[in-house]
Structure formats: structure tokens, C-alpha cells
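K.L.:
Just dropping this structure here.
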Amino acid sequence: MASDGGRKQFWKRSGAKVPGSIQHVYGAQHPPFDPLLHGTLIKAGSKPPTTPVKLKKVSTFQEFESNTSDAWDLGDDDDELLAIAAENLNTEVVMETAHKVIQNHSKLQEQHKFQEEHLQEEKQEEFAQLTSVACGDNRLVKSVSEGHTSSSLDNASENSSMQRSQSLPQTSIPPLTSGMADYSTSVTPALTEREASRLDKFKQLLAGPNTDLDELRKLSWSGIPKRVRPIAWKLLSGYLPANVDRRESTLQRKRKEYFAFVEQYYDSRNDENHQDTYRQIHIDIPRMSPEVLRLQPKVTEIFERILFIWAIRHPASGYVQGINDLVTPFFVVFVCEYIEEEEVENFDVSSLPEEVLQNIEADSYWCMSKLLDGIQDNYTFAQPGIQKKVKMLEELVSRIDEQVHRHLDQHEVKYLQFAFRWMNNLLMREVPLRCTIRLWDTYQSEPEGFSHFHLYVCAAFLVRWRKEILEEKDFQELLIFLQNLPTVHWGNEDISVLLAEAYRLKFAFADAPNHYKK
């Protein structure tokens, strides 16, 4: 059994490195360890504090020591080593760490200042032109600047464990406006490079002798560049073969086949059997979107032929209101293959050569036919496909947002009253045409995109307006809001967020249909 002095030495040392012991933590709320202030933890022979509370604690601990023995007595020299280490920690290590932090911080500021001066000398003219652009996005520039500074200081912060408890000299921070021009001049080329990189990937993929359709779907899911969208849509829809050598002959054959249908069937539009169909098509075309495009006589003529031929060739469903909207995205995308205009809606289609218009018409017909082949039960008698999808939407929303579902139910708003059009027109009446085209990039990349994935897009679309829906306390106001959603200013970013949420819902529910069944 060890002596009383040995027992005291053991208990004094156990607070340092013995496994399982409670260690002192020094951070923002605690001062650094100082052997002068904590001598009782180091030297056994030091005097106890003079406060009554400390005397009581020391006396109690000494009584505990006198009645306890332990065989793990490591010697009497460790306390002296601990004291020396503590002294070195407070004098040399701390000052060296602080010096490194200050030195690194100063170097960072000098480097940043040098970069600013260098860029300003090279881009004085661009600075004057882009200052107004940079000032329009102070929030974004600020976040980038802060992110750059914080990432640059990571290495310095790793070496300063006591940095929070000390106050370091502060150097002047360059004004935010001085870096705004540098950011604005670099952000546009960065975006252009990213878009160019994506475009190059598409071109390389499409230039091969046999296009990898699986890889094309992966690339297209996040959106297709405008320049390659026409060929990509033709491939994704199944209109064109993957083999490059067969594409031209396929196009010629299918275009010739379409106009053979026109020659065979279109003159019968005034027959008694087909008068109702043609009359309904003639009524619905002026209701299409966009307004400028639909008012062009040449466009009306093309759409009438496409819809009438499809109705005659698909007698199981015939023509149904809503199908007319499904031609528009294909027509607009294929027009872009022959023009450089950004806004196709304002382009005079009749200015294109007749041969080009015929190609656009035939391509639009075949791609629309491929789309409708997958959702034809939406347009057969009583439209059972739409009825089923609306019911599934109701069950899905009741699971993912019960509060919205209950709110609609309490105000007697039926899903069929607003979601029927979402399914019938594939949300074309709910979002701008540019958003529909971006949406269809993903639909054509997703397995059963129009028939299955669209359900989850509609669910995400409804929940997107939960705040506005819950604020409406009247049946009429709710229905008016749901039939006139404020999406006129939506762009690709809004659609990307919507698609991401829809994919999350599909991932959670698609392979487990019982999850959204009551």
C-alpha cells in the first residue's frame, strides 16, 4: 500500500492524462489555463485557497485521500513536468500561435489587395460598363466575398485553438464595392463557360455514330441547350433512330408518310362524319398559347392539319380538347431549328420557306403522336386516365401535406375542379411556354415522364402554393386562385426547383404505392 504522500500525488495527477478522467475545457467562456491561478492542481505542497468554501472542499478531499489507497502511483516527478509544460504553453506556444494568425491574416489582406489592383489595371473599361450590373446584386456579391474570405482563413483558424479568448489586431477590410466589378466581370464568363461545356457534351454525344440514349437522358434531365433541343427531342421521343446514318432516311420517309396522310384524309374534314371533329379543332386553336403565335393564319392552318390527321388515325379517342395544346411545344422547338430569334412567339412563321414549314409540321405531328401513345387513356371515352391520376394526386397530397389537403376538403374544393386541367393539358395552362419546354426536357428524359412522373410534378406544384392556399378562407377564392396561379414570371430556376421536389416525392412514393393510399 502506498504512503499518504503517494496517495495525494496520484489524485493530483489523475486530472491530467488518466483515461476516463474529467478534463478542463478552455474556450470562449473560460480563461486560458494559468499555473499561477491553478497551482493547487499542479503542486501538492501549495497552500489551499483562503475562502471558506475552498477550505471545506480541500478538507473533505483530504479526508477522502487519507481513507483511500491505490496501487497506480507513478512517481513524484510528473507534477513538476506538468507545471513546466503549462508554463511553456502560456508563454511560448500561445504567443507563437497568435503571431502565426496575425501573420497569415496580414498576408491574406496583402494578397487580396494585390489581386484587386492587378484586375483593376486590366479591366478599367469593363469596370465602368459593369458597375451598374454589379450594384444590382449586392447580396450575392457580399455572400461570395464572405465565402472567399472565410475559406481563405480556414488554415489560420486551425492553428489558433485559443483565438476566441484573445483579441487580435484588426486590419482594414477592403470596401465591398471595390470587389463588385471583379465579381461581375467574372460571373458572366463563368456562366457562359458552363453553358458551353454542357453544349459541348451534347454535341459530342450526338456526333457519335450511335447516340447513347441512356446518356442523353441523363444529360437532358437538367435541361437541354436550345441549339441541340430539336435533335434531342426527336431522339428522346423515339422519332429518330440512335444510328446517325439512318436519321436522314428516316426523316424523309416519315415526312413523306405524313403528307400522304394529309392527301388521303384532310379533304374529308367537311364530310358529315368528320364535321364535328374539325369544327371543334377550329374552335380550340384560337384558345392556344401564346397569343401572337396562334393568331398567325399559317400556324392555324398547320395546327388544323396536324390535329385532324391525328384524330382520324386514332379513332379510339378521336380529338379531345387539350390535345391542341400538346402540339405547341414541339412546333416552337422545331421552328427554333431554322431561326435565330430568341422569342419565337413574335416570329412571323410564314416568312420561312414552304419546305421548311412542311418539315416542321411533319416532325411536330410524329413527336406529338409518340407523346400521346403513352397517355392515350387520358383522351378515350370518359377520360379514365385523367380520373385515375386526379384520384392518385388527392391521395398523395393527403400524405405529403395533410394540412393543405384538409383545408381544401373543409372548403369543399374537389381536386377534379382544378387538377383535371393540370392532367389534361400537362400544366401548359398553368406555366409560361418557356417553362413548359424546360419541363418537357425532363419529361422526355424520365421513364414514363408524361404518364407517371407528371403526377409527382403536380403534387409538388400544389404544395408549392401551400401558404397562399391556407390563407384563402372561401371556396370561390380558393378555386379562382388554383385556376389562376401567379406563374407568369417563372423561369428555368423555378421549374428546376419544382422538378427536384417532384423527383424527391417520386423517390419516396413511386416504388411504394401503399404509402399514399389511405
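K.L.:
As a test of the definition: which semi-axes, in Å, follow for the range 203-292 when you take the square root of five times each eigenvalue of its alpha carbon gyration tensor? Largest first, please.
P.N.:
Rounded to whole Å, the semi-axes are 35, 19, 9.
K.L.:
On to the next question. At a 1.4 Å probe radius, carbon and sulfur cover how many percent of the accessible area of the range 208-374?
P.N.:
Ligands and nucleic acids excluded, carbon and sulfur give 45 percent.
K.L.:
Please list, short to long, the whole-number percent of alpha-carbon pairs of the range 332-433 in consecutive 5 angstrom bins beginning at zero.
P.N.:
2, 10, 15, 15, 14, 11, 10, 9, 7, 4, 2, 0
K.L.:
Something else about it: Within the range 418-496, what whole-number % of the accessible surface is contributed by carbon and sulfur, with the 1.4 Å probe and all protein chains included in the calculation?
P.N.:
Roughly 50 percent of what the probe reaches on the range 418-496 is carbon or sulfur.
K.L.:
How long are the semi-axes of the equivalent ellipsoid of the range 270-407, taking √(5λ) for every eigenvalue λ of the Cα gyration tensor, in whole Å from largest down?
P.N.:
31, 21, 13
K.L.:
Further, regarding this structure: Could you work out the local net charge near SER445, counting Lys and Arg as +1, Asp and Glu as -1, over the other residues with Cβ closer than 9 Å to its Cβ?
P.N.:
Spelling it out: positives minus negatives among the neighbours equals 0.
K.L.:
Next question. Just need the relative contact order of the range 208-374 here, percent rounded to a whole number, with Cα pairs under 8 Å and 6+ apart.
P.N.:
Relative contact order comes out at 26 percent.
K.L.:
Out of all Cα-Cα pairs in the range 384-510, roughly what percent, to the nearest whole number, are more than 26 Å apart?
P.N.:
For the range 384-510, the share of Cα pairs beyond 26 Å comes to 14 percent.
K.L.:
Given the peptides 355-365, 375-385, arrange them by the average over their residues of other C-beta atoms within 10 Å, most packed first.
P.N.:
In descending order of packing, they fall as 355-365, 375-385.
K.L.:
What accessible area per residue, rounded to a whole number of Å², is obtained for the range 384-510 using a probe radius of 1.4 Å?
P.N.:
45
K.L.:
Another one. Once phi is turned into θ = phi - 60°, what whole-Hz ³J(HN,Hα) does the Karplus curve with 6.51, -1.76 and 1.60 give for every residue of the range 488-501, x standing for Gly and Pro?
P.N.:
Result, ordered by residue: 4, 9, 5, x, 4, 5, 4, 5, 4, 5, 4, 5, 5, 5 Hz.
K.L.:
Quick one: net charge of LEU251's neighbours, Cβ under 15 Å, K/R +1, D/E -1?
P.N.:
+1
K.L.:
At a 10 angstrom cut-off on C-beta neighbours, averaged per residue, how do the peptides 410-419, 454-463 rank from highest to lowest?
P.N.:
Result, highest mean first: 454-463, 410-419.
K.L.:
Among LEU307, LEU236, HIS282, whose Cα projects farthest towards the positive end of the dipole of the range 208-374, with charges put on the beta-carbon of Lys, Arg (+1) and Asp, Glu (-1)?
P.N.:
It is LEU236.
K.L.:
Considering only protein heavy atoms, what per residue accessible area in square angstrom results for the range 208-374 with a 1.4 angstrom probe?
P.N.:
Value for the range 208-374: 47 Å² per residue.
K.L.:
A 30 angstrom limit on the alpha carbon distance is what I want to check against. Which of LYS391/LYS473; LYS298/LYS391; LYS203/LYS389; LYS254/LYS391; LYS226/LYS298 exceed it?
P.N.:
Listed pairs above 30 Å: LYS298/LYS391; LYS203/LYS389; LYS254/LYS391.
The values are calculated or read from the model by the stated rules, or taken from the named source; none is laboratory data. All of these numbers come straight from a predicted model, not from anything done at the bench. All Cβ positions, glycine included, derive from the backbone under ideal geometry; neighbour counts span all protein chains shown. Ligands, DNA and RNA are excluded from the accessible area calculation, which covers all protein heavy atoms including side chains. Shrake-Rupley method; radii C 1.70, N 1.55, O 1.52, S 1.80 Å.
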